[in-house]
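Undergrad: Would you mind keeping the following structure in view while I ask a few things?
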Amino acid sequence: MALADIRSGARDETAIGEVLQTLRDRFGDRLQTGEAMRAQHAHTTTYIAGQLPDGVVFAESAEDVRTVVQIAAAHRIPIIPFGVGSSLEGHVNAPNGGISLDMSRMNRIIEVNPEDMDCTVEPGITREALNAQLRDTGLFFPIDPGANASIGGMASTRASGTNAVRYGTMRDNVIAVTAVTASGEEIRTARRARKSSAGYDLTRLFVGAEGTLGVITSVTLRLAGIPQAVSGGVCAFKTIHDACSAVIMTIQMGIPVARIELLDALQIRACNAYSGLNYPETPALFLEFHGTEAGVREQAALFADIAEECGGGTFAWETDPEARARLWKARHNAYWAALQLRPGAGAVSTDVCVPISKLAECVEETQRDIIETGLIAPIVGHAGDGNFHVLVLMDMADPHEIERAEAFIGRLNARSLALDGTCTGEHGVGQGKKRYLPMELGGTVDLMRSIKRSLDPHDIMNPGKIFDLT
């Protein structure tokens, strides 16, 4: 990530004015142009400065989306889809101005098919709201990125999270989408069948496209059964290497662990202070098992044996829901806990992903880099799939400190790529990771540009994200 990569593009003030007037006539108060509202829709949970849209339209139906896109497309004005704004790489910024299309009012469940274990929802519904409404069916949507993100946003960034080791990512759990393309046409990428050999896999094209190919108007999702029993716990290790060895053995033995999260010693210290815990301040794994009563007992016992073999401490596991809730609340509050390590500092959250056999090497080298650079930067990771996050704390007003942090993040990404990993496991590219994508994929990025030009020749769909067309 580098602030130098964040650019503003050309603007057509006359066309923007005409579009705003047309939208005002059509949507009335559902078009907002006040600076505070526009700033809210350009906010980003990283240090990238906000780039404000010229207006915000609150869509309430797929027809609204089609109308907005058609009006904007006629004048070649950008459209920036907005869910709840929890993205981390500047995805919702408007570098060329344009219209922020707020999807939060499109938050309905269209249908649930319990026998098929799937549902179709509008993009603005959040994962917590969806699961609250699904509870009585005995089903749930398992993807948990931590934030209460919208389903449309999760699909657009190909999100995952703590449950990915068992349930997969959004790539694995989206069956189909409908989307409005840059021409104003609504398309459907697939039917509800669990498999198909019919043509190109357009669903996977839109999942992870970050709004650059169209605006998602509905998502059909795989659901999972709410497990009969859940157990979880914490196991401390002397070193990161020991903890990662336990992860590899757990995966290789086929133990169906639902969550297996790695926290380094600094993050454990932060969680203890923030959440009132008293875990040993050494690297640790947070785990959760789903299944039957007998199954979760067996899984926990198998992991305890693995932990002992890898030099871990006693695996204290819990079946009590309240105790488990405290454990995972502490994990989800890791960001806020880490901020207390340096009160008043800002934070940059970045992620990479490597093959799990390389996880210990990558994390240990990253920790040495942090120490040598003089940064405060705790590490947490979805260890079961080799994905980890570094939260770099820094003085946002100190250009020298920003420069050091950016250089560190550059080395982190290079380290991951050298180990045959990726520059982002789940945050997405947005604006912040654009410089690393060609390093990862080389000329393949040109093929992506060709697809983008074919579907969006005038670059109106969330321009300036993933890569620049020019």
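The values are calculated or read from the model by the stated rules, or taken from the named source; none is laboratory data. Fair warning: this is a prediction, and the values are worked out from it, not measured in the lab. When we count neighbours, we look across all protein chains shown, and the Cβ atoms used for this are built from the backbone with ideal geometry, even at glycine. Note: areas computed on protein heavy atoms with side chains; ligands, DNA, RNA excluded. Shrake-Rupley method; radii C 1.70, N 1.55, O 1.52, S 1.80 Å.
Undergrad: Return the residue satisfying two criteria in turn: it lies in the range 137-165 and is part of a helix (DSSP H, G or I) and at pLDDT 95 or above, and of such residues it is nearest to the chain's Cα centre (by Cα).
TA: Met154
Undergrad: Hey, Asn278 hits all of (1) at pLDDT below 95; (2) farther than 30 Å from Gly225 by Cα; (3) in contact with a strand residue (DSSP E or B) (Cβ under 6 Å, 6 or more places away or on another chain) but one; which does it fall short on?
TA: Of everything listed in (1) at pLDDT below 95; (2) farther than 30 Å from Gly225 by Cα; (3) in contact with a strand residue (DSSP E or B) (Cβ under 6 Å, 6 or more places away or on another chain), Asn278 misses just condition (3).
Undergrad: Residues of the range 200-211 being more than 10 Å from Ile175 (Cα to Cα) and open to solvent by 70 Å² or more (accessible area, probe 1.4 Å), which ones?
TA: Tyr200, Asp201
Undergrad: Can you go through Leu205, Leu266 and tell me which one is under 26 Å from the mean Cα position of the chain (by Cα) and farther than 30 Å from Asp468 by Cβ?
TA: Exactly one residue qualifies, and that residue is Leu266.
Undergrad: Also: Quick check on the range 365-374. Is at least one of its residues assigned to a helix (DSSP H, G or I), under 22 Å from Ala209 (Cα atoms) and not hydrophobic (A, V, I, L, M, F, W, C)?
TA: no
Undergrad: Ok, one more. Can we say Ile370 is under 18 Å from Ala405 (Cα atoms) and touching a residue at least 40 places away in the same chain (Cβ under 8 Å)?
TA: So Ile370 fails the test.
Undergrad: What number of residues in the range 415-438 are surrounded by 15 or more Cβ atoms within 10 Å (Cβ to Cβ) and either more than 30 Å from Gly146 (Cβ to Cβ) or of a type outside the set (Gly, Ala, Ser) (or both)?
TA: 15
Undergrad: Let me ask something else. Could you tell me how many of the residues in the range 375-391 are open to solvent by 10 Å² or more (accessible area, probe 1.4 Å) and at pLDDT 95 or above?
TA: 5
Undergrad: Which of the residues that make up the range 23-53 are open to solvent by less than 50 Å² (accessible area, probe 1.4 Å), farther than 12 Å from Gly97 by Cα and either of a type in the set (Asp, Glu) or not in a helix (DSSP H, G or I) (or both)?
TA: The answer is Leu31, Gly34, Thr44, Thr46, Tyr47, Ile48.
Undergrad: Another question, if that's okay. Go through (1) in contact (Cβ under 8 Å) with a residue 60 or more places away in the chain; (2) over 20 Å from Ile187 (Cβ atoms); (3) open to solvent by 40 Å² or more (accessible area, probe 1.4 Å) for Arg66 and report which single condition fails.
TA: For Arg66, the exception is condition (2).
Undergrad: Still on this structure: Go through the range 73-93 and give me each residue that's assigned to a loop (DSSP other than H, G, I, E, B) and over 20 Å from Arg158 (Cβ atoms).
TA: Listed by number, the residues that qualify are Arg76, Ile77, Pro78.
Undergrad: Answer yes or no as to whether Thr350 is of a type in the set (S, T, N, Q), under 20 Å from the mean Cα position of the chain (by Cα), under 25 Å from Val92 (Cβ atoms) and open to solvent by 20 Å² or more (accessible area, probe 1.4 Å).
TA: Against the criterion (of a type in the set (S, T, N, Q), under 20 Å from the mean Cα position of the chain (by Cα), under 25 Å from Val92 (Cβ atoms) and open to solvent by 20 Å² or more (accessible area, probe 1.4 Å)), Thr350 does not qualify.
Undergrad: Among the residues of the range 317-344, write down those that are under 18 Å from Gly381 (Cβ atoms) and open to solvent by less than 30 Å² (accessible area, probe 1.4 Å).
TA: If the condition is that a residue be under 18 Å from Gly381 (Cβ atoms) and open to solvent by less than 30 Å² (accessible area, probe 1.4 Å), then Leu327, Trp328, Ala330, Arg331, Ala334, Ala337, Ala338 are the ones that fit.
Undergrad: Okay, moving on. Pairs please, first residue from the range 115-133 and part of a loop (DSSP other than H, G, I, E, B), second anywhere and among the aliphatic types (A, V, I, L, M) and open to solvent by 50 Å² or more (accessible area, probe 1.4 Å), Cβ atoms under 9 Å, 6+ apart in sequence or on different chains.
TA: Glu122/Ile110; Gly124/Val84
Undergrad: Here's a follow-up. Within 30 Å of Ile376 (Cα to Cα) and surrounded by 18 or more Cβ atoms within 10 Å (Cβ to Cβ): which single residue out of Thr314, Thr250, Thr282 fits that description?
TA: Of Thr314, Thr250, Thr282, the one residue that is within 30 Å of Ile376 (Cα to Cα) and surrounded by 18 or more Cβ atoms within 10 Å (Cβ to Cβ) is Thr282.
Undergrad: A follow-up question, please. Being over 15 Å from the mean Cα position of the chain (by Cα) and either of a type in the set (A, V, I, L, M) or assigned to a loop (DSSP other than H, G, I, E, B) (or both) is the filter here; which residues of the range 166-190 pass it?
TA: Those that are over 15 Å from the mean Cα position of the chain (by Cα) and either of a type in the set (A, V, I, L, M) or assigned to a loop (DSSP other than H, G, I, E, B) (or both): Ile175, Ala176, Val177, Ala179, Val180, Ala182, Ser183, Gly184, Glu185, Ile187, Thr189, Ala190.
Undergrad: Could you please find all residues in the range 109-146 being touching a strand residue (DSSP E or B) at 6+ places or on another chain (Cβ under 7 Å), aliphatic (A, V, I, L, M) and open to solvent by 40 Å² or more (accessible area, probe 1.4 Å)?
TA: Ile109, Ile110, Val112, Met117, listed by residue number.
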